[in-house]
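Each remark here refers to the structure printed beneath this line.
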Amino acid sequence: MISLGVLFWIFILLFALIGAIRGWTKEILVTFSAFMGIFAITILEEYMPFVQTYLASNPVTSQVWLRIIVFSVLIFFGYQTPNIPRFQQDERLARGRLQEILLGFIIGGVNGYLIYGSIWHFLADANYPFPIIIPPIAGTPAGEAALNLVSYLPPVWLTPPAIYYAVAGAFIFVLVLFI
C-alpha cells in the first residue's frame, strides 16, 4: 500500500519529466486546461440548477464521477495540442534548449500538482467513497503528512473569485502569446 502523499510527489515528478520532454508551450496549455476544468466544475455545481438537483438526489459517488469526468475530459484535450507550424518556426518557442527543458519541467510539475491534486481533492471532499482508496490515517507520520497536503490542493484555493481570475489570466496569456 502506498500513501496518497507519496503518490502525490511521485506524480508531480512524473508530470515534470513529461513536461521537460514536451516543452513549456504545450505544458502551459495543459495548465490552462486544468484551470478550465476547475472552472467548469464550479460553474456546473454552483450555477446550473439541474446539476444541483441531480447531485442532491444521487449518492456522493455521482458527484465524484461528475467532477473526475469533466476534469479529465478537459485535461485530455489540453494534452492533445495541435502541431502548429508557427510554434516550430518561432525562435523563442523553439524546443531542445536548456531553458525550454527546465521551464517544461517546472510547468509539468505544476500540472502534476493541479491534476493529481484536484482528483485527490475530489476524493477527499467526498470522504473517499471508493473502497479501493483508504483515507489517510491520522496519527501516523504518512497520514499526517497527507492530511496536511489536503489543505493545499488546487480546488481548496481555486474557488470563486480566484478561479475566475485564473481563467481570465489564462485567456489573456493565450491571446497575447499564441495569437
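The values are calculated or read from the model by the stated rules, or taken from the named source; none is laboratory data. The shown structure was predicted, so the numbers you read here are calculated from the model rather than taken from an experiment. In this analysis, Cβ positions are derived from the backbone assuming ideal geometry, glycine residues included, and neighbour counts consider all displayed protein chains. The area values use the complete protein model at the heavy-atom level, side chains included, leaving out ligands, DNA and RNA. Shrake-Rupley method; radii C 1.70, N 1.55, O 1.52, S 1.80 Å.
Observations
- Extension reserve of the residue 134-residue 159 stretch, reckoned as 0.36 nm per residue once the Cα distance is removed: 6.4 nm
- Kyte-Doolittle mean at least 0.5, axial Cα span of 30 Å or more - DSSP H helices of the chain: 24-47, 98-125
- For the pair residue 102 and residue 145, label points projected 7 Å from Cα toward Cβ lie 2.8 nm apart.
- By the helix-only formula, in which each DSSP H run with n ≥ 4 contributes -39500 (n - 2.57) and the sum is divided by residues, the chain has a 222 nm mean residue ellipticity of -25000 deg cm²/dmol.
- Label point 7 Å beyond Cα of residue 60 along Cβ direction - residues of segment 144-163 with amide nitrogen under 20 Å: 144, 146-157
- Using C-alpha pairs under 8 Å with a sequence gap of at least 6, the mean separation divided by the residue count of the chain gives a relative contact order of 38 percent.
- 73, 167, reordered so the largest accessible area comes first (probe 1.4 Å): 73, 167
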